[in-house]
């Protein structure tokens, strides 16, 4: 195996001290009053010898790695992949690299990712937390490592949050269905205790109550995240065969895509027989014969605000916790049309 080139090798190559080479390659030539010609010679020599800095050693010395660990539920979900890209691009502007992983809504997988990122000495975490992981987040905070939670939060945990008002966004979507003449409105949600999903369910129920529609427990069905396709197929059929509702509100885009497959297969006409609105968008919605209405979260704002909070924590060591609420919009399209 080829020997790794060290600072001293570059120094010997041009006959100067290792300290001088270190100053130049760390961008401190002005502090050390190194002449422009000498700095140029050192950089050229480093390139010729293919010198690569030991980032781990440098990080240990400086106490910083300039990396942020990002943990989301599923990086293949357009919602999370878009946020990840926004966070990555914004962090890069400030000299930070983002490494990320998917928890698959598993507390165990999230803990493993936190451990892996911690051994790589990340400077901070941005996390869309899985259910029942308050203690994991608390441990990070107690270690003095900055952490920002996105999309979800734990009401009793003192931390930094960036999210939308899920109750209001859900309430607005269901009120749109009612405005379009729908009175028997079902909802498909995830079976979880997470605050964002609970708020969406409460917003749905409140919209029914506000419009004097009596909620029926069979209208609200819940699917398992770990077995989404099969669970949605089974649970939806109990609501749609025979058709017991005239509208359906999906709590996430993943549930909507899985649900649309079932609806299409059963030959139910959208929106004539069944109006639809989804929380979050998906490229698949544009290809459905009746373009799907959806709640649009401003992912750019969520990503940028998360990075802003992390940088503030890193650079000011602020103890103050922030709760940033980003506005959501309802995009009304053909799928939630009025009854004919």
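Just so it is clear, none of the values below were taken in a lab; they were calculated from the coordinates. In this text, all values refer to a predicted model and were calculated from it rather than measured experimentally. All Cβ positions, even for glycine, are placed from backbone atoms using ideal geometry, and neighbour counts span all protein chains on display.
Observations, loosely collected:
- Among 157, 121, 240, the largest mean-square fluctuation in a Gaussian network model of the chain (Cα springs under 10 Å) belongs to 157.
- Neighbour-count order for 204, 23, fewest beta carbons within 10 angstrom listed first: 23, 204
- Paramagnetic reach from residue 183 in segment 264-291 [backbone N under 17 Å; point 7 Å along Cα→Cβ]: 273-275
- Alpha-carbon Debye profile of segment 194-340, log10 I(q)/I(0) at 0.12, 0.16, 0.19, 0.22 Å⁻¹: -0.59, -0.93, -1.23, -1.55
- Segment 255-336: radius of gyration over Cα atoms, expressed as a fraction of 2.2 N^0.38 Å: 1.57
- Which of 76, 293 has the fewest Cβ neighbours within 10 Å, and the rest in rising order: 76, 293
- With Cα atoms, 0 to 90° folded angle of helix 253-266 axis to the chain main axis: 40
- Geometric extent, Cα atoms of segment 54-179 - Rg, Dmax (angstrom): 16.3, 63
- Exposure proxy shown here: for 250, 79, 288, 215, the number of other Cβ atoms within 10 Å sets the order, fewest to most, as 215, 288, 79, 250.
- Note on the chain: with a GNM built from Cα contacts shorter than 10 Å, the maximum mean-square fluctuation among 78, 146, 155 falls on 155.
- Of interest is the spacing of the C-alpha centroids, which for segment 236-299 and segment 208-232 amounts to 13 Å.
- Binning all Cα-Cα separations of segment 7-53 at 10 Å, short to long from zero, yields these whole-percent fractions: 31, 63, 6.
- Extents of the chain, taken as max minus min of Cα coordinates on every principal axis and listed largest first, are 86, 40, 33 Å.
- Distance distribution note for segment 168-274: the fraction of Cα pairs above 23 angstrom is 20%.
- Compared with the direct C-alpha span, the chain from residue 318 to residue 49 gains 92.5 nm at full extension, assuming 0.36 nm per residue.
- Within a Gaussian network of the chain (alpha carbon springs, distance under 10 Å), most fluctuating of 261, 172, 201: 261
- Taking the C-alpha atoms only, the angle from helix 228-240 to the longest principal axis of the chain is near 20 degrees.
- Residue-averaged 222 nm ellipticity for the chain, from DSSP H runs of 4+ at -39500 (n - 2.57), nearest 500: -14000 deg cm²/dmol
- Principal-axis analysis of the Cα atoms of the chain puts helix 299-316 at an angle of about 40° to the longest axis.
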